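A quick write-up on the structure given underneath.
The values are calculated or read from the model by the stated rules, or taken from the named source; none is laboratory data. Computed from a predicted model, the values in this text were never measured in an experiment. All Cβ positions, glycine included, derive from the backbone under ideal geometry; neighbour counts span all protein chains shown.
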Amino acid sequence: MSAVRELVKDGVNGFLVNDISAREIAEAIIKLVRDDALRERFAENGFAMAKKYAWSDISKRIIDTYKKLSS
């Protein structure tokens, strides 16, 4: 099972398209090629989403959870 639908928010940090539809994939690529602002927004939102899953953040959350449990 793929986590794509949980990580990619359609129109926010990417496009969700039917992965077997060449037409949908091509249309999404063309939109990105033609729209600089859209590409920039997707990039910024994508980096923000990726930061949530950085190992440094995940390990800090785990340590904080253990500290709360041991208190």
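What helices (runs of 4 or more DSSP H) completely inside the chain contain at least 3 residues that are modelled with pLDDT of 90 or more?
22-34, 36-51, 55-70
Within the set of pairs 6+ apart or on separate chains, which have a first residue in segment 1-18 that is aromatic (Phe, Trp, Tyr), a second that is surrounded by 11 or more Cβ atoms within 10 Å (Cβ to Cβ), and C-beta atoms under 7 Å apart?
Phe15/Ala28
Give me the pairs, please: first residue somewhere in segment 25-48 and without any contact (Cβ under 8 Å) to a residue 60 or more places away in the chain, second residue anywhere and part of a loop (DSSP other than H, G, I, E, B), beta-carbon distance under 7 Å, and either six or more positions apart or on two chains.
Ile25/Val17; Ala28/Phe15; Ala28/Val17; Phe42/Asn13; Asn45/Val12; Asn45/Asn13; Gly46/Asn13
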